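I have placed the structure first, in the form of structure tokens, so that the comments after it can refer back to it.
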Amino acid sequence: MGPSLSEVHESVDTGSKSKWKKIFAFFGPAYLVSVGYMDPGNWATDLAGGSKYGYTLLWVLLMSNLMALLLQSLAARLGIVRGRDLAQANRETYPPFVNFVLYILAEIAIAATDLAEVLGMAIGIQLLTGLPLIWGVSLTVLDTFLLLVLQRFGMRKMEAFIIALVAIVGTSFLIELILAKPQMNEVVKGFVPRIPDTTALYIAIGIIGATVMPHNLYLHSALVQTRKIKRDDKGIRQSIKLNFIDSTIALNLAFLVNAAILILAAAVFFKAGRTEIAEIQDAHELLEKLLGTKLAPVLFAVALIAAGQSSTVTGTLAGQIVMEGYLRLRINPWLRRLITRLLAIIPALLVILIAGDKEVGALLVFSQVLLSMQLGFAVIPLIHFVSDKQTMGDFAIKTPTKILSWLIAAILVYLNIKMVYEEASSYIAGRSNLMVDGIIILVGLGFIVLLVYTIVYPLFVRYRLAPANPNIHTAQVSLGELDHPVYRRIAMALEFGKFDEKIIRNAIAHGNEHTEYILIHIVESASAKYFGKDSFDLETRKDQEQLDTYVALLKSRNIHARGVLGYRRRANEIARIVKEENAEFLVLGGHGHKGLKDIIYGETANQVRHKVKVPVLVVQ
């Protein structure tokens, strides 16, 4: 099984001799994870808790944050020690059918997360500009390719972008709090555990249920692998320690943002007697009236957009991790992003078109219920994996941590089952359709059976594959005779530029006196793109002359060579010619473009690599 997020795997070097540079090299993954704890899906529960009960439920936020910190540290431990993300570890453990169901559930969780982000951003755009919600939802499709642009600039630049968005959210609420002037002695009392009534309990369950998100566990176990570490005992322990510090700082920042939302709601709405506020739009509308400044609602909307935008990037990464880990399937990132976004936009558009804007709040709650249903299927396998000494060796979690982890898992699963049960019961009670009721009951029973299976199966069945970490068990491998390959036909793609000599030299170095060399050049004139091989414009004729010159020069040195022109799309034509000429090896040039240049000039080498079934040498 290949590495998780292979394009950025071990792309961040942590081997600096400077102590502080080394520490900061580890910081980053947890900040990408933390945005899931402050996305628009969490805002409703924070607003409801603060407006109805003041500061009373602050302790619930703190407890949720501590639970999240433990579970995220376990996900990071799995990625660091085993070199596996959660999806890959599941694939190696559970039977194929169960894995497929877990994959579908993980995809549903990611789509539900994206739905909350789409709605949050659309609401933020509406609040800021007055644009109708349906147009705001439609506009969110434009950020589909944001991740692709960010990935071209490298992992550290992506992390910096996310941290900047988190900073916008945090700064906005800090200013809001300064304007609201909360009573600090009352805020401190909110950290004393108490539940005033059953409604408070329900909101507390909502806060806890919306805190830990399944996709974040997949995400964190993969992101920690972007750091290149020493694979010895000391290096692994150091990585676990520094990633825990990273998680502590990042999740505490997320806690402060959630606490700020609840405190703002308590200081503004609860104090004014507006205890019914649960909708984001209502909160925005009342901020200006109650605080007496136009700045407050603007900051609120800006923070909402930034929270949605940052979450959409991490949701896409999680989708890539889940698909590659469970299915060993890699598709183009833009297609992956488009599919995820459409799965979120289509339900949102349908609800707005059919029921109107007033049902958007209900759709937001529904997305959180969907997330709640998936949580156990991520948490339970994770605890199994990091507890297993066979695959984790000395890095398996100790008994006290194991007990605490299972206790947290039990609380989360119970609260989420309770929430889902109550939602399903209220839905059934309001209808008399036996067929729909039967489907809901069957899905519920299947949900419980699968949950029990994920708990029990790893206790009785040994893991099928050897662990990835060579420091736990050394894999026995044989490299055979290592015969030198002999290529009869070597193709080389020339661009008639400064790279050509280097490409030809490298191609000849891999052949012998019997090798035939096929020189390929793609004509890219307007005429060639339209007429193909029937083109006979000046550029086509000049390219043929240049190709003939190269062939003649090689033949003068007793090297067997011939030239072939291609037309239209470079990558497709190079791959076609390689196949038709039965070439056994291909050499081509790589420009080393980054960022915007890669978008403008294309990624020929990368595309060709996936289209041919022969070894490819890219000469930079």
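The values are calculated or read from the model by the stated rules, or taken from the named source; none is laboratory data. Computed from a predicted structure; not experimentally measured. All Cβ positions, glycine included, derive from the backbone under ideal geometry; neighbour counts span all protein chains shown.
Might you check whether a residue that is within 29 Å of the chain's Cα centre (by Cα), at pLDDT 85 or above and in the same structural domain as Val60 (by TED's automatic domain parsing) occurs anywhere in region 200-217?
Within region 200-217, one or more residues are within 29 Å of the chain's Cα centre (by Cα), at pLDDT 85 or above and in the same structural domain as Val60 (by TED's automatic domain parsing).
One residue is enough: does region 575-584 have a residue meeting the conditions in the same structural domain as Val608 (by TED's automatic domain parsing), free of Cβ contacts under 8 Å to residues at least 60 places away in the same chain, under 18 Å from Val618 (Cα atoms) and touching a Leu at 6+ places or on another chain (Cβ under 8 Å)?
no
Would you check if there is a residue in region 21-32 being more than 30 Å from Ile339 (Cβ to Cβ) and not in a helix (DSSP H, G or I)?
There is at least one residue in region 21-32 that is more than 30 Å from Ile339 (Cβ to Cβ) and not in a helix (DSSP H, G or I).
Before we move on, is Leu451 part of a helix (DSSP H, G or I), surrounded by fewer than 10 Cβ atoms within 10 Å (Cβ to Cβ) and modelled with pLDDT of 75 or more?
no
Residues being part of a loop (DSSP other than H, G, I, E, B) and either among the aliphatic types (A, V, I, L, M) or surrounded by 17 or more Cβ atoms within 10 Å (Cβ to Cβ) (or both): count how many of those fall in region 150-200.
4
Matching residues to (1) of a type outside the set (Lys, Arg); (2) farther than 30 Å from Arg84 by Cα; (3) in a helix (DSSP H, G or I); (4) modelled with pLDDT of 70 or more:
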residue: Ala301; (1), (2), (3), (4): yes, yes, yes, yes
residue: Ala307; (1), (2), (3), (4): yes, no, yes, yes
residue: Arg330; (1), (2), (3), (4): no, no, no, no
residue: Leu342; (1), (2), (3), (4): yes, no, yes, yes
residue: Leu350; (1), (2), (3), (4): yes, yes, yes, yes
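Of everything in region 5-58 that's modelled with pLDDT of 80 or more and in contact with a Pro (Cβ under 7 Å, 6 or more places away or on another chain), which residue is farthest from Phe269 (Cα to Cα)?
So, considering only residues that are modelled with pLDDT of 80 or more and in contact with a Pro (Cβ under 7 Å, 6 or more places away or on another chain), the one farthest from Phe269 (Cα to Cα) is Thr56.
Working only within region 506-539, note down all residues that are crowded, with 19+ Cβ neighbours inside 10 Å and part of a helix (DSSP H, G or I).
Ala507, Ala528, listed by residue number.
Given the conditions (1) closer than 19 Å to Ala30 by Cα; (2) modelled with pLDDT of 85 or more; (3) surrounded by 24 or more Cβ atoms within 10 Å (Cβ to Cβ), and given that Ile263 satisfies all but one, which numbered condition is not satisfied?
(1)
What's the number of the condition Thr399 fails, among (1) hydroxyl-bearing (Ser, Thr, Tyr); (2) at pLDDT 75 or above; (3) within 26 Å of the chain's Cα centre (by Cα)?
So the condition that Thr399 fails would be (3).
Pick from Ala250, Ala222, Ala254: which is buried (at least 19 other Cβ atoms within 10 Å of the Cβ), farther than 13 Å from Ala48 by Cα and in contact with an Asp or Glu (Cβ under 7 Å, 6 or more places away or on another chain)?
None of the other options fit; the residue is Ala222.
Evaluate the following for Thr198: is it closer than 21 Å to Trp59 by Cβ and touching a residue at least 12 places away in the same chain (Cβ under 8 Å)?
It is false that Thr198 is closer than 21 Å to Trp59 by Cβ and touching a residue at least 12 places away in the same chain (Cβ under 8 Å).
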